[in-house]
Amino acid sequence: LAKTTQPISMDSYEGQEVNITCSHNNIATNDYITWYQQFPSQGPRFIIQGYKTKVTNEVASLFIPADRKSSTLSLPRVSLSDTAVYYCLVGFAGTALIFGKGTTLSVSS
Amino acid sequence: GAGVSQSPSNKVTEKGKDVELRCDPISGHTALYWYRQSLGQGLEFLIYFQGNSAPDKSGLPSDRFSAERTGGSVSTLTIQRTQQEDSAVYLCASSREVGLSNEQFFGPGTRLTVL
């Protein structure tokens, strides 16, 4: 299973754009890249998923370069409520998601 | 619509007792996953069900842990002879698994405390 590496923590201020980069050098051909968000005392919540190039939804954008060995989650104009742990995962249907420790994002006013 | 539900939300038990944790997945989701999360840690995969079968049990930490799923729906995770190190939040997730995509929907978890 492909392992991911992402920063342990990041700090930002309200209104700024936040980019969290994740490396996954051993990603397999069938693997999707998925990001989850987790607030304290809650289960993780799906944010965005992509296979290649760029994906955008109402919450975030996901940038994936051609070699797919890394990906960047972009959160536009963060607010205090975006303070959470963000997990980057790779895998495909029928496999367990391997959660690392994620990136703890702290947004201040 | 209804999401993944888990019960109980909290469980306190004494060391050596058996516990059962229940997960009700989203209707129509064929895949079901169990994870556990210790304080301040990431999620640890335990077991995966596709329908009623469990093709991947590799994450179960010991033979005290078992899980079953009946009718392709509800799943029960059983921990026998609980130990203090079993204390954690146990999370269940379900997925439709359309094509290769694997978006998992998580329940609120069961917080297990072993005294």
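The numbers here are math on the coordinates, done by the rules we state, and not lab data. Computed from a prediction, not measured in an experiment: that's the story for all the values here. For neighbour counting, all protein chains shown are included, and Cβ atoms are generated from backbone atoms with ideal geometry for every residue, glycine included.
Miscellaneous remarks
- Student exercise, chain B dipole from Lys, Arg, Asp, Glu Cβ charges, in Debye to nearest 20: 200
- Once backbone amide H atoms are built at 1.01 Å from N, B:Ala67 has B:Thr78 as its partners under 5 Å, excluding neighbours fewer than 5 places away on the same chain.
- The range A:1-108, dipole about Cα centre (Lys/Arg Cβ +1, Asp/Glu Cβ -1), debye to the nearest 20: 320
- Among B:Gly16, B:Gly72, B:Gly42, the largest mean-square fluctuation in a Gaussian network model of chain B, built with springs joining Cα atoms closer than 10 Å, belongs to B:Gly42.
- Between the range B:39-97 and the range A:31-92, the alpha-carbon center distance in angstrom: 25
- Whole-Hz Karplus values for the range B:80-96 come out as 9, 6, 4, 10, 4, 6, 7, 4, 4, 9, 9, 10, 10, 9, 10, 8, 7 Hz, taken residue by residue from phi with 6.51 cos²θ - 1.76 cosθ + 1.60 and θ = phi - 60°; glycine and proline positions read x.
- Backbone amide hydrogens, once placed in the peptide plane, bring B:Leu43 within less than 5 Å of A:Phe99, excluding anything fewer than 5 places away on its chain.
- Contour excess over end-to-end distance, with Cα ends at B:Val12 and B:Arg81 and 0.36 nm allotted per residue: 23.5 nm
- A simple rule links phi to the HN-Hα coupling: the Karplus curve 6.51 cos²θ - 1.76 cosθ + 1.60 with θ = phi - 60°, which for the range B:23-34 gives 9, 10, x, 5, 4, x, 7, 8, 9, 9, 10, 10 Hz, with x for Gly and Pro.
- Between A:Met10 and A:Gln42, the distance separating the two model label sites (each 7 Å from Cα on the Cα→Cβ line) works out to 1.9 nm.
- Using C-alpha pairs below 8 Å separated by at least 6 residues, the relative contact order for chain A is 37 percent.
- In the range A:5-109, the alpha-carbon atoms span a convex hull of 93 Å³ per residue.
- Backbone geometry of the range B:37-48 corresponds, through the Karplus equation with coefficients 6.51, -1.76 and 1.60 at θ = phi - 60°, to 3J(HN,Hα) couplings of 10, 7, 3, x, 10, x, 7, 10, 5, 10, 7, 10 Hz, x marking Gly and Pro.
- In whole percents, the pair-distance distribution calculated for the protein assembly as shown from its alpha-carbon pairs, binned every 5 Å from zero, is 1, 7, 14, 19, 18, 16, 12, 7, 4, 1, 0.
- Evaluated on chain B, the Kirkwood hydrodynamic radius is 14.1 Å, with distances taken between all distinct Cα atoms.
- Relative contact order (percent, whole number), chain B, Cα cutoff 8 Å, 6+ residue spacing: 36
- Low-density loop positions, GluC sites (Glu not before Pro), the range A:1-94 - DSSP coil, at most 11 other Cβ in 10 Å: A:Glu17, A:Glu58
- Close amide H contacts of B:Ser87 (hydrogens built in the peptide plane, cut-off under 5 Å, sequence separation of 5 or more or a different chain): B:Val114.
- Local electrostatic count at A:Thr104 - Lys and Arg +1, Asp and Glu -1, tallied over other residues with Cβ under 12 Å: -1
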